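Each remark here refers to the structure printed beneath this line.
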Amino acid sequence: MAKVELKQPIIDEIKALLDGAVAATVVDYRGLTVAQDTELRKALREAGVQYKVFKNTLIKRAAEGTDFAQLDVVLDGPTALAVSKEDATAAARIFAKFAKTAPKLEFKGAVVEGKFYDAKAVQALAEIPSREELLGRLLGSIKSPVSNFARVLNQIAQKDGGEAA
């Protein structure tokens with residue numbers, strides 16, 4: 001069997017992984033211990049991010065003709081690919097948080113919703129809160145004035161009720 005025939009199933013796997021993805025983040029994982037890598041994989045899996053190590057040439061072939069082809073410029077050396085189909089910044093947030101305890105983990109770049117980000121920009125993306133957190137903040141800011149108004153009305157009612165008695 002030719003080498004191309006052996007590699008085609010892997011290329012198809014990468015294509016399936018990238019199909020419908022909103023973000024693909026590429027990192028250099030050199031220097032991580034097995035325990036650190038296991039912990040990282042668990043955190044990514046819990047966030048719905050698929051994380052796998054592939055050869056750079058196979059990623060390039062699988063990404064041809066897609067927005068993810070922009071990753072070609074950072075595909076050199078050991079590369080791990082993290083793909084998210086729901087939360088565009090999930091992988092970046094998890095990697096940034098993990099890098100605080102494992103400084104050997106380095107961003108290479110990412111494609112988020114069709115736009116390429118270099119390592120520095122991916123670090124900035126990691127600062128964006130999750131969708132749930134943003135919705136919680138929005139709800140809190142909407143709820144706050146209503147709560148304050150209700151509290152004032154309650155105090156007025158108690159004051160008026162207290163003087164009449």
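A few notes on this one:
- Scope the stretch 27-60; condition farther than 20 Å from Leu125 by Cα and among the polar types (S, T, N, Q); matching residues: Thr33, Gln36, Thr38, Asn56, Thr57
- When the helices (runs of 4 or more DSSP H) confined to the stretch 59-165 are screened for residues that are open to solvent by less than 30 Å² (accessible area, probe 1.4 Å), within 22 Å of Leu17 (Cα to Cα) and of a type in the set (A, V, I, L, M), those reaching at least 3 such residues are found at 90-99.
- Within the stretch 57-81, residues that are farther than 19 Å from Phe95 by Cα sit with their Cβ atoms under 7 Å from residues that are of a type in the set (Gly, Ala, Ser) and part of a loop (DSSP other than H, G, I, E, B), at 6+ positions apart or across chains, in these pairs: Asp67/Gly114.
- Every condition in (1) at pLDDT 90 or above; (2) surrounded by 14 or more Cβ atoms within 10 Å (Cβ to Cβ) holds for Glu46 except the one numbered (2).
- Selection status of Leu40, in contact (Cβ under 8 Å) with a residue 12 or more places away in the chain, surrounded by 15 or more Cβ atoms within 10 Å (Cβ to Cβ) and within 15 Å of Ala110 (Cβ to Cβ): no
- Test: residue in the stretch 89-105 that is in contact (Cβ under 8 Å) with a residue 40 or more places away in the chain, over 23 Å from Arg30 (Cα atoms) and of a type in the set (Lys, Arg): no
- Single unsatisfied condition, Ala24 versus (1) under 17 Å from Gln123 (Cα atoms); (2) small (Gly, Ala, Ser); (3) free of Cβ contacts under 8 Å to residues at least 40 places away in the same chain: (3)
- Taking the stretch 1-21 as the range and being in a helix (DSSP H, G or I) and not aliphatic (A, V, I, L, M) as the test, the residues that pass are Lys3, Glu5, Lys7, Gln8, Pro9, Asp12, Glu13, Lys15.
- Any hit, the stretch 22-33, residues being open to solvent by 20 Å² or more (accessible area, probe 1.4 Å), touching a helix residue (DSSP H, G or I) at 6+ places or on another chain (Cβ under 7 Å), closer than 16 Å to Gly114 by Cα and among the β-branched types (Val, Ile, Thr): no
The values are calculated or read from the model by the stated rules, or taken from the named source; none is laboratory data. Everything numeric here is computed off the predicted structure, so don't read it as measured data. Quick reminder, even Gly has a Cβ in these numbers, built from the backbone with ideal geometry, and neighbours come from all protein chains shown. In case anyone asks, the SASA skips ligands and DNA or RNA and just uses the protein heavy atoms, side chains included. Shrake-Rupley method; radii C 1.70, N 1.55, O 1.52, S 1.80 Å.
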